[in-house]
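All remarks here apply to the structure that follows.
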Amino acid sequence: MRLPAEWERQSGVQMTWPDESTPWYDLPEVQRCYARIAEAILRREALLMVTADEKACRARLAEIAAADSLPLDVDAIRFVETPVNDTWARDHGGIAVFGDEGEKYLYDFVFNGWGLKFASDLDNQITRNIFYQNAFQGDVLGVDMRPYVLEGGSIDCDGKGTLLTTAECLLSVNRNEYLSREEIEGELKQAFGLDRILWLEHGGIAGDDTDSHVDILARFAPDDTIVYTACDDPSDENYAPLKAMEEDLRAFRTPDGKPYRLIPLPLPEAMYLEDYRLPASYANFLVVNGAVLVPGAGSARDKVAEEQIAKAFPGRDVEVIDCRPLLSGHGGLHCVTMNFPEGYMYV
């Protein structure tokens, strides 16, 4: 098996639509943010929208497009209906892998609401529900249901056999606490055809309720590059854990023994909701065909993040999308999307 890198050619992206049944703080603004992300994806590849109510979803997207003068072609979206608890496609979405001869498999790991923090019974069924509604091409060889907990946001892969993750998340209570670190490594290596796993022993962002998903902390990029969240303000509560994470990254070596090329991203300025600090991170970007979509935070640091990410992904457009509404749900742009490599989704 091989887990491809996110920057490899894609067939499309899945999103799961937020509606009145999902626990969002400011639903109208969240829906507008989803529409902006959907439009940016559709300019480059296919989009699959999972929703509990296709008719209502279509109508709301069309309403937003008209009101915001957004050139969103709602009819170009492929809709699939299924019940949902919430809308974090990165974590409840299927994970695509390739076999030795290009066979296409879709892994469906257990999703338990980030360690039993939130309801997840419906979200845990989404992947198999949409598969049996022909959401994927006919030569995808079924849904391989894996009997342990894993969220897509907790792992990042270079497509060449190295996976990046955090000890805090994968070793946390109420996920796979019956497995040792060595046993978890064995499961991941077998599932994804990995040669090795790089564990971040440190790192975290205040307000994050995923137990330190790696996709807000550090991400692989082409040519042995890692893009990571950095903090240079000793008065910031994130300073110590992010500095310790930076030391972990500096100690990592590529398979041929060289240090990784490290590109720091600024930490967005602190934002709060009712005195609760929100876990903003530019590392929560989404790579799509020909571009990188970056979650904007509405400050001058957006431009710095854009320039740094452009260094990591030369030849791709870098597009900043204001994703502040998503922070009320403690997530970002990467969290609400799940990408699928070429040959998986209908285009």
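Does Leu326 qualify as being assigned to a loop (DSSP other than H, G, I, E, B) and crowded, with 24+ Cβ neighbours inside 10 Å? In short, no. All of (1) in contact (Cβ under 8 Å) with a residue 40 or more places away in the chain; (2) within 30 Å of Gln190 (Cβ to Cβ); (3) outside any strand (DSSP E or B) hold for Glu101 with one exception: (1). Within the range 3-16, residues that are closer than 16 Å to Val292 by Cα and assigned to a strand (DSSP E or B) reach partners that are at pLDDT below 95 and of a type in the set (Val, Ile, Thr) with beta carbons closer than 7 Å, at six or more positions or on different chains, in the pairs Ser11/Val347; Gly12/Val347. For the residues Leu70, Leu48, the requirement of being closer than 16 Å to Ile37 by Cα and in a strand (DSSP E or B) singles out Leu48. Selection within the range 223-248: residues that are among the polar types (S, T, N, Q) and more than 16 Å from Ser212 (Cβ to Cβ). The member of this set that is most open to solvent (accessible area, probe 1.4 Å) is Ser235.
So that you can scan it fast, the table gives a plain yes or no per residue for (1) open to solvent by less than 10 Å² (accessible area, probe 1.4 Å); (2) hydroxyl-bearing (Ser, Thr, Tyr):
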site: Trp88; (1), (2): no, no
site: Gly99; (1), (2): no, no
site: Leu116; (1), (2): no, no
site: Thr127; (1), (2): yes, yes
site: Leu141; (1), (2): no, no
site: Leu163; (1), (2): yes, no
site: Thr166; (1), (2): yes, yes
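Of all residues in the range 51-67, exactly one satisfies the criterion of being in contact with a helix residue (DSSP H, G or I) (Cβ under 6 Å, 6 or more places away or on another chain) and not in a helix (DSSP H, G or I), namely Thr51.
Scanning the range 201-237 for residues that are within 17 Å of the chain's Cα centre (by Cα), among the acidic types (Asp, Glu) and at negative phi yields Asp208, Asp209, Asp215. Scanning the range 220-251 for residues that are touching a Ser or Thr at 6+ places or on another chain (Cβ under 9 Å) and in a strand (DSSP E or B) yields a count of 2.
Taking the criterion of being more than 30 Å from Lys189 (Cβ to Cβ), open to solvent by 30 Å² or more (accessible area, probe 1.4 Å) and modelled with pLDDT under 95, would at least one residue in the range 25-47 satisfy it? For the range 25-47, residues more than 30 Å from Lys189 (Cβ to Cβ), open to solvent by 30 Å² or more (accessible area, probe 1.4 Å) and modelled with pLDDT under 95: present. Residue pairs, Cβ under 7 Å, 6 or more apart or interchain, first in the range 65-80 and within 24 Å of Ile130 (Cβ to Cβ), second in a loop (DSSP other than H, G, I, E, B) and open to solvent by 80 Å² or more (accessible area, probe 1.4 Å). List them. Going by the 7 Å Cβ cut-off, the qualifying pairs are Arg78/Tyr346; Val80/Gln133. Being in contact (Cβ under 8 Å) with a residue 12 or more places away in the chain, among the charged types (D, E, K, R) and not in a strand (DSSP E or B) is a property that Asp121 has.
The values are calculated or read from the model by the stated rules, or taken from the named source; none is laboratory data. In this text the structure is predicted, and so the values were computed from the model without any measurement. Reconstructed Cβ throughout: ideal geometry from the backbone, glycine too, with neighbour counts over all protein chains shown. Heads up: the accessible areas ignore ligands, DNA and RNA and are worked out on the full protein's heavy atoms, side chains in. Shrake-Rupley method; radii C 1.70, N 1.55, O 1.52, S 1.80 Å.
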